[in-house]
Amino acid sequence: MTSAPRLLVGTYGSIARFEQLHEMGDQVPPMEAIYGDPPNVWLTSFYRFHPEEWGFLGFTDEAARQRFIERSRPGVLVVIYGAGEASKADRGRIIGIQQCSHVIGSAEEFMAPDAWIAKAKNLEWAGRWNFAVKAIRAWRVLEGSRMEVRDFAPQATATEAWQHIGARGVPLTGAETKNILKLNLEEIPVFGRNYAESFSVGSAKDVLAPSRAGPVSKCPFVTRESEGPKHLYVLVLRGDADAFLGDSANGRFIIKAGFSGHPVTRCDDHNRTLPDCAFSWEILRSGDSEGRQAYATSDHAKAGERAMQHVLCRQPSGRSLGGEFFLADEALIEEAWQAGNEAARVYVSQ
């Protein structure tokens, strides 16, 4: 027992980091949030619902974020309706659900680099939603079951305090929370999370269930790693890039930039998701194949990953293909690889 703190610090970097990672809520089934006493479900509004690029719940005011953390529990479900600049079809309707951790940070930490750049350039958005709570799962509500928010949450919306809901979010009652089960959902990716197969689609009762009977699982296969030393890597998709894109790649490569404790295994995971075809992922660069020492924690590697991604967004030599995927020429890939390793090397825990 006396050696436990030393082992935790050696593996996680600090005891605080260990505690933070184990409060994420990753293992909390969504149904537990719905049926909790009280329910662990909130309501808020988004202009758009793109968790594959915006992997967080954002607050403009830090005090509002702290209030959310204090009044919710890790694994909290956040029901989202369209407001403001949402499309006419989405405005005032339930469009999505996010499950959130209690890991906090800046919006930039949990956003795709190109999405962050676009946000920073938007005069109305630049100073908003920058106090972030990390999302861990997300579901899009299928058209045809998108309830009007007034019908979904009559008590939460009774005061007509729409701005209050959008700025801070409000907890839902047990009766309102059960309305989730009337929706049809499709699970979708969250930026910063690694997934290896397609997601389940169906009624909320089925999609949110922790397990299902039958020989074929409808749960997404999720590739997640325990905390510990990590290597940066760049995967390249071998095959006809023009055919894959449906457009000219102009000699550039389709790549994935990320980090893993075992890049070879991660590459194999991605290849298992491909059908039997002329395309395959290969390791182009990786720390372990180059004999580099693994970075001490995921935070170090994450700093390196983000540095690579920022370089790879630079047009015309590169551009984002969504999430951790990019189109880039050889020189830009090399520049990104050097920038990523330097950022990871000099990273200092906040």
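The values are calculated or read from the model by the stated rules, or taken from the named source; none is laboratory data. Keep in mind it's a predicted model, so treat the numbers as computed, not measured. Because the Cβ atoms are built from the backbone with ideal geometry, glycine has one as well, and the counts that use them run over all protein chains shown. Just the protein is used for accessible areas: all its heavy atoms, side chains included, with ligands, DNA and RNA removed. Shrake-Rupley method; radii C 1.70, N 1.55, O 1.52, S 1.80 Å.
Here are the numbers for the structure shown:
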{"quantity": "Among (1) touching a helix residue (DSSP H, G or I) at 6+ places or on another chain (Cβ under 7 Å); (2) assigned to a helix (DSSP H, G or I) - the single one Q338 does not satisfy", "calculated": "(1)"}
{"quantity": "Residue count, the range 80-104 (criterion: open to solvent by less than 50 Å² (accessible area, probe 1.4 Å) and either touching a Gly at 6+ places or on another chain (Cβ under 7 Å) or more than 19 Å from R150 (Cα to Cα) (or both))", "calculated": "13"}
{"quantity": "Top-ranked residue of the range 314-331 - restricted to ones that are buried (at least 20 other Cβ atoms within 10 Å of the Cβ) and not in a strand (DSSP E or B), ranked as modelled with the highest pLDDT", "calculated": "E324"}
{"quantity": "Residue check for N271: in contact with a strand residue (DSSP E or B) (Cβ under 8 Å, 6 or more places away or on another chain), surrounded by fewer than 22 Cβ atoms within 10 Å (Cβ to Cβ) and within 29 Å of D240 (Cβ to Cβ)", "calculated": "yes"}
{"quantity": "Any pair with Cβ under 6 angstrom, 6 or more apart, that starts in the range 321-349 at a residue that is touching a residue at least 24 places away in the same chain (Cβ under 8 Å) and within 15 Å of F253 (Cα to Cα) and ends at one that is in a helix (DSSP H, G or I) and of a type in the set (A, V, I, L, M)", "calculated": "F326/L312; A328/L312; E335/V311; A336/M308; A336/V311; A336/L312"}
{"quantity": "Some residue of the range 281-293 being surrounded by fewer than 12 Cβ atoms within 10 Å (Cβ to Cβ) and among the hydroxyl-bearing types (S, T, Y)", "calculated": "no"}
{"quantity": "Selection within the range 66-117 - within 16 Å of the chain's Cα centre (by Cα) and part of a helix (DSSP H, G or I)", "calculated": "A107, E108, E109, F110, P113, D114, A115, W116"}
{"quantity": "For I255: the one exception among (1) open to solvent by less than 30 Å² (accessible area, probe 1.4 Å); (2) outside any strand (DSSP E or B); (3) of a type outside the set (S, T, N, Q); (4) touching a residue at least 24 places away in the same chain (Cβ under 8 Å)", "calculated": "(2)"}
{"quantity": "Where a residue in the range 40-67 is without any contact (Cβ under 8 Å) to a residue 40 or more places away in the chain and its partner, wherever it lies, is among the β-branched types (V, I, T) and buried (at least 24 other Cβ atoms within 10 Å of the Cβ), with Cβ under 7 Å and at least six apart", "calculated": "N40/V76"}
{"quantity": "Residue in the range 55-63 that is part of a loop (DSSP other than H, G, I, E, B), touching a Ser or Thr at 6+ places or on another chain (Cβ under 9 Å) and open to solvent by 40 Å² or more (accessible area, probe 1.4 Å) present", "calculated": "no"}
{"quantity": "Filter result (among the aliphatic types (A, V, I, L, M) and surrounded by fewer than 16 Cβ atoms within 10 Å (Cβ to Cβ)) within the range 332-350", "calculated": "V346, V348"}
{"quantity": "Per-region count, the range 116-132, residues in contact (Cβ under 8 Å) with a residue 24 or more places away in the chain, open to solvent by 10 Å² or more (accessible area, probe 1.4 Å) and under 17 Å from L57 (Cα atoms)", "calculated": "5"}
{"quantity": "Residue in the range 180-194 that is modelled with pLDDT under 65, surrounded by 15 or more Cβ atoms within 10 Å (Cβ to Cβ) and either within 26 Å of G287 (Cα to Cα) or in contact with a helix residue (DSSP H, G or I) (Cβ under 7 Å, 6 or more places away or on another chain) (or both) present", "calculated": "yes"}
{"quantity": "Top-ranked residue of the range 42-53 - restricted to ones that are under 23 Å from M147 (Cβ atoms) and either among the polar types (S, T, N, Q) or modelled with pLDDT under 95 (or both), ranked as surrounded by the fewest Cβ atoms within 10 Å (Cβ to Cβ)", "calculated": "R48"}
